[in-house]
Amino acid sequence: MEFLRPATGFSSRRIKIVTVTALIVLAALVGALQGVVYARPAVDVDSAEVLYERDAGRKPGLRAVFFGTSTILLTDGMSSIMTDGFFSRPSWLRLMMSIKPDPEEINFALRKAPSKIDAIFVAHAHHDHAMDSGLVAQKTDAIVYGSESTLNIARGQSTPEHQLRVLKVGQTVLIGHFRVTAFETPHSPDAISPGFITHPVQFPAKLGEFRAAENHSFFVEHPLGKVLIVPSANYSVNAFEGLQADIVILGIGTLGRQSNVFTETYWNEVVTKTGAKLVLPVHWDDFTQSLRAPLVPLPLFADNMNVAMEWLGPLAKRDGVAIRFLPSLREVTLPAGN
Ligand SMILES: [Zn+2]
């Protein structure tokens, strides 16, 4: 067996050096590739203008908690409503394989919400809006309002039928002092997986099974203020005709990939026409990162938030509108309406 030994100690060392060098080069290449693929726009949201209580102005209004994407809780202390209820945020790798709600991530996020939520209004049936809604409803006794496709996702989580309501366009839902009206507005351009979900979704599910179906925006009226929530960055002309809002919660996801003309028309339709003087951007964060870490913008292969903010800034200035970011997982008091 003598011949199996390396001929000399020098050769053995050389093989080791070559192997280690190759591994270092490989690691560097993988790191560089990851850096390129996951490069993010240099937006430091923490240093951006963040809505704090001192900004609340004249008198305190509704209280809000932002959970990333377009999941927002609004409460007056007696009644609480939420949009979407998406907390699991599966990684890019999982999105390429299959996904399911993550009860631990949901429980972690729900610690920042009241134990009882009255209603969850779901924008559309993509995973980053609708995947967790049924489970969240079961944990908070909420009723899920959404398209039939959205409800089929919740049915896949054995959510009882009495907690599911099909949301009709133009329908107004009364919850305590909240009046919530559903509008149908288009999904942001080039949406993945259009179509409808016709059967309860079996989990784990492929990303492509989350078919968008109808997309909703929500107008929330309350004695403490009027808030228009537009989760998906797109418009139809005059969709909000005659509507007056104090605050717009503005979806800006993939807005960085649209033209300045698109962005300006979106702003005009949603902000200028409603007369809102405060805009809170949402759906800018990388929805594959856990809520346990600070929110970061979507990587450049998905969006470029810098471009969106460069277009939106001058429009806000033109209209005398303040753009503020909501801190994540922290309750803030919104300014009261006029
Ligand atoms: Zn979507």
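The values are calculated or read from the model by the stated rules, or taken from the named source; none is laboratory data. Predicted model only: the values in this text are computed from it and were never measured. Note that each Cβ is placed from the backbone with ideal geometry, even for glycine, and that neighbours are counted across all protein chains shown.
Taking the numbered list (1) free of Cβ contacts under 8 Å to residues at least 12 places away in the same chain; (2) touching a His at 6+ places or on another chain (Cβ under 7 Å) in turn, V261 passes all entries but (2). Quick check: is even one residue across the stretch 225-243 among the β-branched types (V, I, T), part of a loop (DSSP other than H, G, I, E, B) and surrounded by fewer than 23 Cβ atoms within 10 Å (Cβ to Cβ)? Within the stretch 225-243, one or more residues are among the β-branched types (V, I, T), part of a loop (DSSP other than H, G, I, E, B) and surrounded by fewer than 23 Cβ atoms within 10 Å (Cβ to Cβ).
The one condition from (1) buried (at least 24 other Cβ atoms within 10 Å of the Cβ); (2) within 15 Å of the chain's Cα centre (by Cα) that L62 does not meet is (2).
Cβ-Cβ distances below 7 Å connect the following pairs, each with a first residue in the stretch 177-192 that is over 15 Å from A302 (Cβ atoms), a second residue that is acidic (D, E), and a separation of six or more residues or different chains: H177/D76; R179/E221; E184/E214.
Set side by side, the residues E161, E184, E221 differ, and just one is of a type in the set (D, E) and within 16 Å of the ligand (Cβ to nearest atom), which is E184. Scanning the stretch 192-207 for residues that are more than 10 Å from the ligand (Cβ to nearest atom) and either at pLDDT below 95 or not small (G, A, S) (or both) gives G195, F196, I197, T198, H199, P200, V201, Q202, F203, P204, K206, L207.
Among the residues of the stretch 214-224, the ones that are among the charged types (D, E, K, R) and not in a strand (DSSP E or B) come to 1 in all. Considering L312, L250, the condition of being touching a strand residue (DSSP E or B) at 6+ places or on another chain (Cβ under 7 Å), assigned to a strand (DSSP E or B) and either surrounded by 18 or more Cβ atoms within 10 Å (Cβ to Cβ) or in contact (Cβ under 8 Å) with a residue 60 or more places away in the chain (or both) is satisfied by L250 alone. Residues that are more than 16 Å from the ligand (Cβ to nearest atom), among the polar types (S, T, N, Q) and under 16 Å from A276 (Cβ atoms): does the stretch 226-241 have at least one? There is no residue in the stretch 226-241 that is more than 16 Å from the ligand (Cβ to nearest atom), among the polar types (S, T, N, Q) and under 16 Å from A276 (Cβ atoms). When the stretch 266-295 is examined, which residues are found to be assigned to a loop (DSSP other than H, G, I, E, B) and touching a Lys or Arg at 6+ places or on another chain (Cβ under 9 Å)? T274, A276, D286, F287, T288, Q289, S290, L291, listed by residue number. In the stretch 267-301, the residue that is nearest to L255 (Cα to Cα) out of those that are in contact with an Asp or Glu (Cβ under 8 Å, 6 or more places away or on another chain) and among the small types (G, A, S) is A276.
Taking the criterion of being among the hydrophobic types (A, V, I, L, M, F, W, C) and free of Cβ contacts under 8 Å to residues at least 40 places away in the same chain, would at least one residue in the stretch 198-206 satisfy it? No; the residues of the stretch 198-206 include none that is among the hydrophobic types (A, V, I, L, M, F, W, C) and free of Cβ contacts under 8 Å to residues at least 40 places away in the same chain. If you go through the stretch 89-112 and pick out every residue that is closer than 24 Å to P297 by Cβ, more than 16 Å from the ligand (Cβ to nearest atom) and either acidic (D, E) or surrounded by 23 or more Cβ atoms within 10 Å (Cβ to Cβ) (or both), you end up with 3.
Find the residue count for the stretch 258-292, including only residues that are closer than 13 Å to D303 by Cβ and more than 17 Å from the chain's Cα centre (by Cα). Qualifying residue count for the region: 2. If you go through the stretch 122-148 and keep only what is more than 15 Å from the ligand (Cβ to nearest atom) and either farther than 20 Å from V227 by Cα or touching a His at 6+ places or on another chain (Cβ under 9 Å) (or both), you end up with G134, L135, V136, A137, Q138, K139, T140, D141, A142, I143, Y145, E148. Looking at A322, A302, which one is surrounded by fewer than 20 Cβ atoms within 10 Å (Cβ to Cβ), in the same structural domain as S232 (by TED's automatic domain parsing) and away from the ligand (no atom under 16 Å from the Cβ)? It is A322.
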